[in-house]
1. Using +1 on the beta carbon of Lys and Arg, -1 on that of Asp and Glu, and nothing else charged, what's the dipole of region 44-136 about the Cα centre, debye to 20?
2. With r as the distance between the Cβ atoms of Glu110 and Ser51 and R0 = 35 Å, compute the FRET efficiency 1/(1 + (r/R0)^6) and round to 0.05.
3. Excluding ligands, DNA and RNA, what is the solvent-accessible area per residue of the chain at a probe of 1.4 Å, expressed in Å²?
4. Please give the solvent-accessible surface of Arg25 in Å², to the nearest 10, using a probe radius of 1.4 Å with every protein chain present.
5. Name the shape class, rounded, prolate or oblate, that the alpha-carbon gyration tensor gives for region 49-108, where a ≥ b ≥ c are the square roots of its eigenvalues, rounded holds for a/c under 1.5, and otherwise prolate holds if a/b is larger than b/c and oblate otherwise.
6. Using the basic label-point model (7 angstrom from Cα toward the beta carbon), what is the Val131 to Phe80 distance in nanometres?
7. Taking amide hydrogens as modeled 1.01 Å from N in the peptide plane, which residues meet the under 5 Å criterion relative to Phe117, leaving out close sequence neighbours?
8. Could you work out the helix-only [θ] at 222 nm for the chain, with each DSSP H run of four or more residues adding -39,500 (n - 2.57) and the total divided by the number of residues, to the nearest 500 deg cm²/dmol?
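The values are calculated or read from the model by the stated rules, or taken from the named source; none is laboratory data. None of these values were measured; they are calculated from a predicted model. Ideal geometry is used to build each Cβ from the backbone, glycine not excepted, and the neighbour counts take in all protein chains shown. Side chains are part of the model used for accessible areas, which takes the heavy atoms of the whole protein and leaves out ligands, DNA and RNA. Shrake-Rupley method; radii C 1.70, N 1.55, O 1.52, S 1.80 Å.
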Amino acid sequence: TNLLKMQRDGSMAAVAGYSKSSSSRSAAEVATSFSMPYVSASATSSALSDSTTFPYFARTVPPDSTTAKGVAFLCQSLGFSRVGVIAEADAFGASYASDFGLAAEALGIEIASVALFGTARTIESAVQATVASKAR
C-alpha cells in the first residue's frame with residue numbers, strides 16, 4: 001500500500017487523522033501495525049487512551065473521561081445529588097454516559113437513570129424517562 005511504501009522510505013513520519021473517534025480508532029489500529037504515530041485533532045473516546053492498544057495514538061483535545069469529570073464536578077458544585085443521563089445511542093454517547101456515570105458516582109452523585117436515544121427511542125421519550133426518575 002501507499003502507507004507502507006511511504007513509511008518504509010521515510011517520506012511520512014506520522015498520520016494526521018480523522019476527527020471522529022470511531023474512524024480514528026480504526027485508523028489508529030492500522031497506523032499501530034506500521035509503528036506510525038497517529039494524531040487526531042478531535043477524537044475524544046476514552047478507549048483511545050489505552051496506550052497498550054493504541055501506543056502510537058495522540059490527540060490535541062482531552063478524552064471524554066476528562067470532560068465527564070468536569071461535568072460531574074459541576075453537578076456536585078450545583079448541589080445535584082441524583083441525576084439522569086440522556087445521551088445518543090451511538091458509540092460516543094454511550095461511552096460518554098459511562099464516563100460521566102463513573103465520575104459522578106465517584107463524587108457521591110447517584111445516577112437515577114440513563115436514557116439513550118436513537119433509532120429505537122426518541123429524545124422526547126428519553127427526556128420523559130429521565131423526568132420520571134425524579135432526577136435533579
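1. 240
2. Step by step, r from the Cβ atoms, then E = 0.65.
3. Numbers: 7960 Å² over 136 residues.
On a per-residue basis, the chain sits at 59 Å².
4. 100
5. Because a/c hits 1.5 or more and a/b exceeds b/c, region 49-108 counts as prolate.
6. 1.7
7. The list, which skips near neighbours in sequence, is Ala87, Glu88, Ala89.
8. Details: 5 runs with 61 residues, N = 136.
Result for the chain, helices only: -14000 deg cm²/dmol.
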